[in-house]
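Structure record follows, encoded as structure tokens.
The values are calculated or read from the model by the stated rules, or taken from the named source; none is laboratory data. Note that the structure is a prediction, hence the values are computed from the model and not measured. Here the Cβ positions follow ideal geometry from the backbone for every residue, glycine too, while neighbour counts run over all protein chains shown. Areas reflect the complete protein model, heavy atoms only, side chains present, ligands, DNA and RNA absent. Shrake-Rupley method; radii C 1.70, N 1.55, O 1.52, S 1.80 Å.
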Amino acid sequence: MLRNQQAEIHRLQSAISGESQKAIAAQQQLTNVEHQLAEMAGKLELAQELAETRAEELDVAHSFMSTGDRYCVADVPRIVHMMNEAIDQCAGLIGIEVLQRQASRRTGRTGQLTAAARKWMTDKWGGYLTHRVIADIARGDGVLFESMVRNMFVVWCDDFISAVSGDPGQNKALKMLWGEISKLHGMVVANNWLSIAYSSTKTQHIDSLSVIKDLSRLLATIGFGKVEDNRQWLLAYVHHKLDSIAEEAITIKKMMLQGITSASVRTLYHSQEGAYNAAEMEDSYKLGSTGYGPLNGIRVILTTALGVQCTTVHDPGSNQSPKKTRTVLLKSRVLLSSALQMESVKIESAPRELIHLVEVPEV
């Protein structure tokens with residue numbers, strides 16, 4: 001009896017030991033499975049991350065290669081024309097106000113010119129034009145004066161529109177990079193890169209204080225600088241008008257740098273160093289052609305309205321070089337030397353005696 005009980009106990013102990021070994025083995029197997037599942041989960045997560053990264057890379061690549069423009073190229077010259085018209089209206093009102101004030105003066109005093117304003121005028125426009133605008137205003141001719149005002153506003157807008165960044169150093173570097181990318185990868189890729197670069201550096205504010213200061217100097221130079229001339233009222237009006245002009249300049253810049261990537265659309269501005277070219281310019285006052293025959297080659301005094309040009313690239317394939325086509329969408333307007341009856345005069349090289357021949361009459 002006792003022997004049977006001992007045998008039963010031994011059998012149960014063996015059974016328990018066997019089950020324990022099975023349990024340990026099962027636990028080990030479960031642990032291995034958990035490790036395998038964790039490893040698979042890690043690989044799956046890595047695969048998902050790689051897939052997301054690849055998708056992002058494809059999105060970026062697509063953004064660089066996409067030619068879908070958000071604006072029509074023809075919209076740019078339309079808006080630029082509207083901005084030019086607003087500049088014309090503002091400059092015209094300034095000219096009318098100045099001439100009316102000039103005509104209402106009854107004293108025989110000589111207009112007093114501040115030394116700083118006159119030096120600025122001479123440095124900016126040269127001695128001949130400085131004396132000429134003073135003389136013209138004194139005799140009631142506002143063509144040159146209004147042209148100078150228009151040019152100030154045009155340069156102010158063009159400097160903002162053509163800058164990718166407000167920082168001059170950064171702007172120069174970005175434009176150099178755009179040129180290199182355009183050479184290596186084509187205009188579409190370069191324009192898309194420029195759009196992305198501009199989106200991280202753009203500013204939606206144009207500081208009008210600099211152009212207001214320049215206008216104030218011009219007004220002071222022609223003698224329109226006293227309290228009785230109501231110059232502060234005029235400058236306040238101009239400041240308000242420039243706000244609306246600035247909004248159009250911001251729109252134009254956004255369209256050029258972000259809205260159109262299939263072509264390079266830029267403003268067209270001509271310096272006073274150049275000669276008239278009918279393919280790109282219009283005679284601002286239609287005065288330059290009188291008695292001078294063809295206008296091509298006549299000296300440009302200054303630009304009074306911005307133009308627009310568009311450059312497209314066509315790839316003919318078959319290992320042929322891409323062909324660039326430049327089209328003038330809107331001609332810039334310029335004041336010509338012939339309009340001032342000074343066709344043969346070059347401002348920078350004008351004889352010193354010529355500058356002194358222009359007298360400033362008493363006003």
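With each label modelled as a point 7 angstrom along the Cα→C-beta vector, the residue 122-residue 271 pair spans 2.2 nm.
Of the solvent-accessible surface of the stretch 110-174, computed with a 1.4 Å probe over protein heavy atoms with every protein chain present, carbon and sulfur atoms account for 52 percent.
Expressed in nm to one decimal, what extension gain is obtained for the pair residue 93 and residue 115 from 0.36 nm per residue of sequence separation less their Cα-Cα distance? Show your work: numbers first, answer last.
Working: separation 22, 0.36 × 22 = 7.92 nm, distance 2.65 nm.
Length gained between residue 93 and residue 115: 5.3 nm.
Evaluate E = 1/(1 + (r/R0)^6) for residue 70 and residue 243, where r is the Cβ-Cβ distance and R0 equals 25 Å; express this FRET efficiency to the nearest 0.05.
It comes to 0.50.
Backbone geometry of the stretch 80-97 corresponds, through the Karplus equation with coefficients 6.51, -1.76 and 1.60 at θ = phi - 60°, to 3J(HN,Hα) couplings of 4, 4, 4, 5, 4, 5, 5, 5, 4, 4, 5, 5, x, 5, 4, x, 4, 4 Hz, x marking Gly and Pro. Taking 30 Å as the limit for the C-alpha separation, the pairs 124/183; 124/172; 286/324; 213/324; 175/286; 183/241 exceed it in the case of 124/183; 286/324; 213/324; 175/286; 183/241. Listed peptides 143-150, 180-187, 78-85, 261-268 appear in the order 143-150, 261-268, 78-85, 180-187 once ranked by packing, highest mean of other Cβ atoms within 10 Å at the front.
Distances between placed amide hydrogens fall under 5 Å for residue 330 paired with 308, all partners being 5 or more residues away or on another chain.
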